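Inspection log for the structure reproduced underneath, given as structure tokens.
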Amino acid sequence: MDAHSSTETSGSFAPSEKADFQLTKIGTRSWRVRILTQRGSAWVRANGSAIYKDELILSLEAANSFLGRARVNGLCTEYIGPFGRRLM
């Protein structure tokens, strides 16, 4: 995730920029993707992911693939990293 591909914010986004997912690193090889919106939840169900909670625990590769497909379909992700939050 480099600074050129996303917009850094100070903890909040413009009202029109609402994240559908939230990405957080939770371990050496694990990332949590939380579903934040109804739109995100509907997209996950429509794309065959059977989830029973509003989050997925994925490897970096799986998270990149999942969020890349979501981004192509117009959904946004909030990344929480060591330097703050970014909307992708």
Can you bin region 15-88 into rounded, prolate or oblate? Criterion: square roots of the alpha carbon gyration tensor eigenvalues sorted a ≥ b ≥ c, rounded for a/c under 1.5, prolate for a/b above b/c, oblate for the rest.
oblate
Note down the net charge around residue 73, summing +1 for each Lys or Arg and -1 for each Asp or Glu among other residues with Cβ under 14 Å from its Cβ.
+3
Using a cut-off of 13 Å between beta-carbons, work out the net charge of the residues near residue 23 (Lys and Arg +1, Asp and Glu -1, residue 23 not included).
+3
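Laboratory data are not the source of any read-out in this text; all were calculated from the coordinates shown. If you're wondering where the values come from, they're calculated on a predicted model, not measured in any experiment. Counting neighbours? That spans all protein chains shown, and the Cβs are built from the backbone with ideal geometry, glycine included.
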